[in-house]
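> Just dropping this structure here.
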Amino acid sequence: MNTVVYPGSFDPCTNGHLDIIARAARLFDRVVVAVLVNNAKTPLFSAEERVDLLTEALKDYDNVEVHSFSGLLVDFMKKVNANIIIKGIRALSDYEYEFQMALTNNALAPEIETLFIPASKDYMFLSSSLVKEVAKYGGTLTGLVPDCLISVINERCKER
Ligand code: ADP
């Protein structure tokens, strides 16, 4: 079975993330979405909440699972029995950092490869930070995040 891991902060998940997951789910047997528990940052949603939001948004996909992880991605990959990392690339600026990460992960665990999927043209502008900015100032999130998550994201952004 071909398992791939799609790691990220997903704070919150956007339609850009979901587009990459949907495309990966068509290409591979099993997609594990890995939510990074990043203690250094103060996220809008806790890791547990981000897992719940993604799980809700992805409930129609039989071959997608959502987990959280901390520490090294390569260690998490071993736990879920995967050796392919999927990354979405929006612009050349994403590539520089992602290339560095891909080489680092490969140096740590040579059996692990990173595959880049180019962003769809409809979502190449979209990021979690942009969603937070739009929600903070009362703009509409329609088309930016899954419809089922709009109210919870709006509420949380207003509380901040
Ligand atoms: P962000 O950069 O939006 O804060 P994450 O750290 O959660 O996002 O990103 C996880 C992965 O998803 C990264 O590989 C990132 O490049 C990719 N990604 C983020 N937004 C998009 C998008 N709109 N289209 C394609 N890939 C994306």
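The values are calculated or read from the model by the stated rules, or taken from the named source; none is laboratory data. If you're wondering where the values come from, they're calculated on a predicted model, not measured in any experiment. A quick note on method: Cβ atoms are made from the backbone with ideal geometry, for glycine too, and the neighbour counts reach across all protein chains shown. The area values use the complete protein model at the heavy-atom level, side chains included, leaving out ligands, DNA and RNA. Shrake-Rupley method; radii C 1.70, N 1.55, O 1.52, S 1.80 Å.
> Determine which member of the set K121, K136, K79 is open to solvent by 60 Å² or more (accessible area, probe 1.4 Å) and touching a Cys at 6+ places or on another chain (Cβ under 9 Å).
K136
> Failed condition for I153, given (1) modelled with pLDDT under 95; (2) over 27 Å from D29 (Cα atoms); (3) open to solvent by less than 90 Å² (accessible area, probe 1.4 Å), with all others met?
Only one criterion is unmet by I153, namely (1).
> Hey, another quick one. Restricting the search to region 90-107, which residues are open to solvent by less than 50 Å² (accessible area, probe 1.4 Å) and touching a strand residue (DSSP E or B) at 6+ places or on another chain (Cβ under 7 Å)?
Of everything in region 90-107, those that are open to solvent by less than 50 Å² (accessible area, probe 1.4 Å) and touching a strand residue (DSSP E or B) at 6+ places or on another chain (Cβ under 7 Å) turn out to be E98, A102, N105.
> Can I ask one more? Would you mind telling me which numbered condition in (1) of a type in the set (S, T, N, Q); (2) within 14 Å of C13 (Cα to Cα); (3) open to solvent by less than 80 Å² (accessible area, probe 1.4 Å) T142 fails?
(3)
> Please pick out the residue among V37, V51, V80 that is within 15 Å of the chain's Cα centre (by Cα) and over 23 Å from G143 (Cα atoms).
V37
> Go through the residues of region 25-39 one by one and say whether even a single one is outside any helix (DSSP H, G or I) and modelled with pLDDT under 95.
Looking for residues that are outside any helix (DSSP H, G or I) and modelled with pLDDT under 95, one finds at least one in region 25-39, hence yes.
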